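Derivation of every value follows stated rules applied to the coordinates shown; laboratory data play no part. Owing to the predicted nature of the structure, the values given are computational and were not obtained by experimental measurement. A quick note on method: Cβ atoms are made from the backbone with ideal geometry, for glycine too, and the neighbour counts reach across all protein chains shown.
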Amino acid sequence: MEDTRNLVDEYKGLSNEQIFDLLQNKCIPLEIAIENVEHDFNIGSIVRTANSFNVSKVHIIGKKKYNRRGAMCTDKYLKIVHHSAIEDFIQTQTGREIVAIENNTPRAKALGEKQFNPNTTLIFGSENNGITPELLEKANDVRFIESFGSTRSVNVGVAAGIAMYEYVRQNIF
């Protein structure tokens, strides 16, 4: 029977568990954290992008349930950890630089000027409200994505892809 999953050829015909194990053995040190305050559809999109870059872990902070449609089943191949509270998440971040991607704060500096530490965790908030002040305060660094049109920001799923790519460009390529 033909494997119709959206997989590169290397993983066709393998079980979800086999794919998960193979990816974990060669994942990059980047971690992603998503503060889920609104059951946002964009979380699925961020999870799919995290799988594409083979990040080591995705943290979901807040509501455990999220709209998985955008993940297109890639959440089966990725280590996803749920934290009911911000402090639970912070305790897992020893030795890591926490970088928030948020444009709605005076702390934010341009992403293009950032030199990423290999042991980085990127944090993203909800599409409507961004990252909560409580979590933003815990970040070591805050960055915004430079834009040149009339809107003040890109969609959070797009922002996650841009930030992950910049990390990979600096630390993996």
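Among GLU113, GLU35, GLU146, which one moves the most in a GNM of the chain with springs linking Cα atoms closer than 10 Å? Checking each option, the largest mean-square fluctuation is seen for GLU113.
Top mean-square fluctuation among ARG48, ARG152, ARG96, Gaussian network model of the chain, C-alpha springs under 10 Å? Residue with maximal mean-square fluctuation among ARG48, ARG152, ARG96: ARG152.
Tally Lys and Arg at +1 and Asp and Glu at -1 over the other residues with C-beta under 14 Å from the C-beta of GLY13: what net charge comes out? Cβ neighbours under 14 Å give a net charge of -3.
How many percent of DSSP beta bridges within region 79-173 run antiparallel, rounded to 5? Close to 10 percent. Relative to the Cα centre, the charge distribution of the chain, modelled as +1 at Lys and Arg Cβ and -1 at Asp and Glu Cβ, gives a dipole magnitude of about 80 debye. Looking at region 12-171, the DSSP beta bridges with both ends there are about 5 percent antiparallel.
Other residues within the sphere of radius under 12 Å centred on the Cβ of HIS59, judged by their own Cβ, net out at +1 (K and R +1, D and E -1).
Going by neighbour counts of Cβ atoms within 10 Å, the residues GLU97, GLU87, GLU102 line up, fewest first, as GLU87, GLU97, GLU102. The share of Cα pairs per 10 Å bin across the chain, counted from zero up to the longest distance, runs 10, 40, 36, 12, 2, 0 percent. Going from the fewest other Cβ atoms within 10 Å to the most, the residues ASP88, ASP3, ASP9, ASP141 appear in the order ASP9, ASP3, ASP88, ASP141. Near HIS82, the amide H atoms lying under 5 Å from its own belong to ILE60; only residues 5 or more places off or on other chains count, and H is placed 1.01 Å from N. Suppose a student asked you for the relative contact order of region 12-171, using Cα pairs under 8 Å spaced at least 6 residues apart; what percent would you report? Result for region 12-171 is 26 percent.
Sorting 25-33, 127-135 by their mean Cβ neighbour count within 10 Å, with the most densely packed peptide first, gives 25-33, 127-135.
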